[in-house]
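Student: The structure follows.
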Amino acid sequence: KVDELGRLVIPIELRRTLGIDVKDAVEIFIDGDKVILKKYKPNMTCAVTGEVSDDNLVLLGGKLILSLNEAKKLVTEIELK
């Protein structure tokens, strides 16, 4: 049931399956007549190429995201200077 504030209870088995813990952010999408619930993952967009991938590297405490390829190029460029 939905309460008067619009909240739903997600059963613990489902939260465990999705890896959702207390206070985790979630995303809610609508697909036709379906509601899709996903655990929120921060945007993993490479700052150089715009490539989005879960394999991208998060650097500088989350301030810089680079693809592995661009990170290697950066290391090479730094070593050459």
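The values are calculated or read from the model by the stated rules, or taken from the named source; none is laboratory data. All values reported here derive from a predicted model rather than from experimental measurement. Using ideal geometry, Cβ is built from the backbone for each residue, glycine included, and neighbour counts are taken over all protein chains shown.
Yes/no per residue for (1) of a type in the set (Ser, Thr, Tyr); (2) outside the structural domain of ILE10 (by TED's automatic domain parsing); (3) under 30 Å from ILE10 (Cβ atoms); (4) more than 14 Å from the chain's Cα centre (by Cα):
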position: ALA25; (1), (2), (3), (4): no, no, yes, no
position: VAL52; (1), (2), (3), (4): no, yes, yes, no
position: GLY62; (1), (2), (3), (4): no, yes, yes, no
position: SER67; (1), (2), (3), (4): yes, yes, no, yes
position: ALA71; (1), (2), (3), (4): no, yes, no, yes
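Residue-wise test of (1) free of Cβ contacts under 8 Å to residues at least 12 places away in the same chain; (2) loosely packed, with under 10 Cβ neighbours inside 10 Å; (3) out of contact with any Asp or Glu (no Cβ under 8 Å at 6 or more places or on another chain).
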position: ARG15; (1), (2), (3): yes, no, no
position: ASP24; (1), (2), (3): no, no, yes
position: PHE29; (1), (2), (3): yes, yes, yes
position: GLY32; (1), (2), (3): yes, yes, yes
position: TYR40; (1), (2), (3): no, no, no
position: MET44; (1), (2), (3): no, no, no
position: LEU59; (1), (2), (3): no, no, yes
position: ILE65; (1), (2), (3): no, no, yes
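Student: Mind checking which residues of the range 52-70 are touching a helix residue (DSSP H, G or I) at 6+ places or on another chain (Cβ under 8 Å) and either assigned to a loop (DSSP other than H, G, I, E, B) or of a type in the set (S, T, N, Q) (or both)?
Tutor: Those that are touching a helix residue (DSSP H, G or I) at 6+ places or on another chain (Cβ under 8 Å) and either assigned to a loop (DSSP other than H, G, I, E, B) or of a type in the set (S, T, N, Q) (or both): ASP55, ASN56.
Student: So which of THR76, THR45 is of a type in the set (S, T, N, Q) and over 22 Å from the mean Cα position of the chain (by Cα)?
Tutor: Selected residue: THR76, the only one of THR76, THR45 that is of a type in the set (S, T, N, Q) and over 22 Å from the mean Cα position of the chain (by Cα).
Student: Residue check, TYR40 against (1) over 30 Å from GLU70 (Cα atoms); (2) at pLDDT below 95; (3) out of contact with any Leu (no Cβ under 8 Å at 6 or more places or on another chain), all met but one. Which one?
Tutor: Result: TYR40 passes all but (1).
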